[in-house]
Every structure is written in C-alpha cells, then in structure tokens.
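Asker: Supplied in structure tokens, the structure appears directly below.
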Amino acid sequence: MARNIQSLERAAAMLRLLAGGERQLGLSDIASSLGLAKGTAHGILRTLQQEGFVEQDTASGRYQLGAELLRLGTTYLDVHELRARALVWTDDLARSSGESVYLGVLHQQGVLIVHHVFRPDDSRQVLEVGAMQPLHSTALGKVLSAYDPVAHSEVLEAERKAFTPRTISELDDFEGVLDLTRARGYADDVEETWTGVASVAAPIHNRRRMPVGAVGITGAVERVCKDGELRPDLIAAVRDCARAVSRDLGAGRF
C-alpha cells in the first residue's frame, strides 16, 4: 500500500484547524495544536499562503483561511447545482433543436463537459461527459473566455492550436471574436474545431451574476447552418435555454 505524503497530511490538518474554532490563529497555536515544530508549521503555512489557501493578517500576524479555498468550494457547489438545474432545460433543448446538447465549465485551461444530452434520433453516439474541449476554438470555450476573467487569462496563456483552416489563433483576431461574443450574447464554432461540425453556445450565470458555465448544441454543418450562417432559431433556442438555467440558479432576468 502506498504511504501518504506527510507534508500534505499536515497541510490538510492545518486547513481543518483553521476552518474550526477561532477565526484566526497564531503560529504558536497552530504548531502546538498539531504537534509540529514552529519551523515546520511556518514552512507549510508559507506554502499555503503563496497558493492563496491561507491568509495572514498584517497587523496581528495571525492566520486564517484564504480566498482560494472559497473559490474552489464555490466552484464545486456551482458545478453540481448547475448540472442539476440544467437537466430539464437541456433535455428540452435537445428535443426542440434535434441536436446534441453540451454543458461545459472551465477546467485546467479547457472546457470540461459536465453534462451531455444525446441527439434525439437513433444514431449511435458516445457519451462525452468528462471530455475536455479547447477554449479558443469551440463555442463553449469562446463563451467562457468572453465572460469569465479567469478563462480569458488562461486562453491567452495557452497554445491556441489551429485544428482546421478556419481556427482563429491570432490574439488580436481572437479578442475581436470575444468582443463579438459579448455584444451578441452567444458564440459559434463553424468548422473551427472539427471539419463538418458546427456549434453555438451561450453563457450561464449564477445568483451572483457570475458566469458558471456555458450550454450549447453541436451538429453537422448542413443541419446547424443555413446558407453558410447559423440558423437563427437554433441561436434563439440556445440563448433561451441559458437564460432559463440562469434564472433557476437565481440570476434573474438577463
């Protein structure tokens, strides 16, 4: 059996200690509570502080939990609530559009698919929950990059690979796409990621009016587009779905 990593066990114990009891604790209190030498405790605290999991009060020198833990916890809750709230609406979108529906969230410089509704026909399809899609070329990714500052920063730092001749990789051009996405409230991907495939997606917001994900449909270009342009009825359906999920998450009207 593999042994646990002692430094990680101590860091976890430190976070649990800070999460309970007093709001702030000094170095001596933390070290004595966990049976650690002050130097060892300080080293772990310093690392946690650098990662944003712990904060130190400049006046008292005491430690408390950091904002990064709140962000991670909020993300965990948001993703689970997002999927639960979206189930009915994404099923309706698949039926009305006749296409596959995807629900995606930001994860490790990409889009993590957290829910997938099959196209409502008898064709053979593969469940893509857990799959990753690129931020810069997919409709879901463009929506997240346009509305989520963290996603925007990550897509600028990541390699924007050209998957097809239509992929937009240059920074200035890509920023223009994000401006257009914000202006019209949705993003598209017409053969930018996969040849012969088109998609459209819109943002989902939570009760704090923060972007927590994106919902979109994906299908063959000949079905999703008409005369070289995305079908307006499909754009409207996706945007209506995104607004409905956002309302269920407490965002109100957009």
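Asker: Tell me the residue from Q64, Q133 that is more than 30 Å from L27 (Cα to Cα) and of a type in the set (S, T, N, Q), please.
Answerer: Values: Q64 fails: more than 30 Å from L27 (Cα to Cα).
From the options Q64, Q133, the qualifying one is Q133.
Asker: Turning to a different aspect of this structure: Could you check region 79-102 and list, in sequence order, the residues that are hydrophobic (A, V, I, L, M, F, W, C) and not in a helix (DSSP H, G or I)?
Answerer: Matches in region 79-102: V101 only.
Asker: Here is a follow-up. All but one of (1) out of contact with any Lys or Arg (no Cβ under 7 Å at 6 or more places or on another chain); (2) assigned to a loop (DSSP other than H, G, I, E, B); (3) modelled with pLDDT of 85 or more hold for L36; state the number of the condition that does not hold.
Answerer: (1)
Asker: Further, regarding this structure: Among the residues that make up region 147-162, is at least one of them closer than 17 Å to H116 by Cβ and assigned to a loop (DSSP other than H, G, I, E, B)? Give the derivation first.
Answerer: In the first step, residues of region 147-162 are kept if they are closer than 17 Å to H116 by Cβ; the result is none.
No, because not a single residue in region 147-162 is closer than 17 Å to H116 by Cβ and assigned to a loop (DSSP other than H, G, I, E, B).
Asker: Could you list, in sequence order, all residues of region 198-213 that are in a strand (DSSP E or B) and at pLDDT below 95?
Answerer: Residues satisfying the conditions are I204, H205, P211, V212, G213.
Asker: What are the pairs with Cβ atoms under 9 angstrom where one residue, in region 120-138, is on the phi > 0 side of the Ramachandran plot and open to solvent by less than 70 Å² (accessible area, probe 1.4 Å) and the other, located anywhere, is of a type outside the set (S, T, Y) and not in a loop (DSSP other than H, G, I, E, B)? Sequence gap at least six, or different chains.
Answerer: Within 9 Å, the pairs are G130/L112; G130/I113; G130/V114.
Asker: Let me ask you something else. Residue pairs, Cβ under 7 Å, 6 or more apart or interchain, first in region 217-243 and closer than 16 Å to I204 by Cβ, second open to solvent by 70 Å² or more (accessible area, probe 1.4 Å). List them.
Answerer: A237/S96; C241/W89; R243/F254
Asker: Being hydrophobic (A, V, I, L, M, F, W, C), open to solvent by less than 60 Å² (accessible area, probe 1.4 Å) and part of a loop (DSSP other than H, G, I, E, B) is the filter here; which residues of region 221-254 pass it?
Answerer: Listed by number, the residues that qualify are L249, A251.
Asker: If I filter region 197-220 for residues that are polar (S, T, N, Q) and surrounded by fewer than 14 Cβ atoms within 10 Å (Cβ to Cβ), do I get at least one hit?
Answerer: For region 197-220, residues polar (S, T, N, Q) and surrounded by fewer than 14 Cβ atoms within 10 Å (Cβ to Cβ): absent.
The values are calculated or read from the model by the stated rules, or taken from the named source; none is laboratory data. Not measured: the values here are computed from a predicted model. Cβ: placed from backbone, ideal geometry, glycine included. Neighbour counts: every protein chain shown. The accessibility values were calculated without ligands, DNA or RNA, using every heavy atom of the protein model including side chains. Shrake-Rupley method; radii C 1.70, N 1.55, O 1.52, S 1.80 Å.
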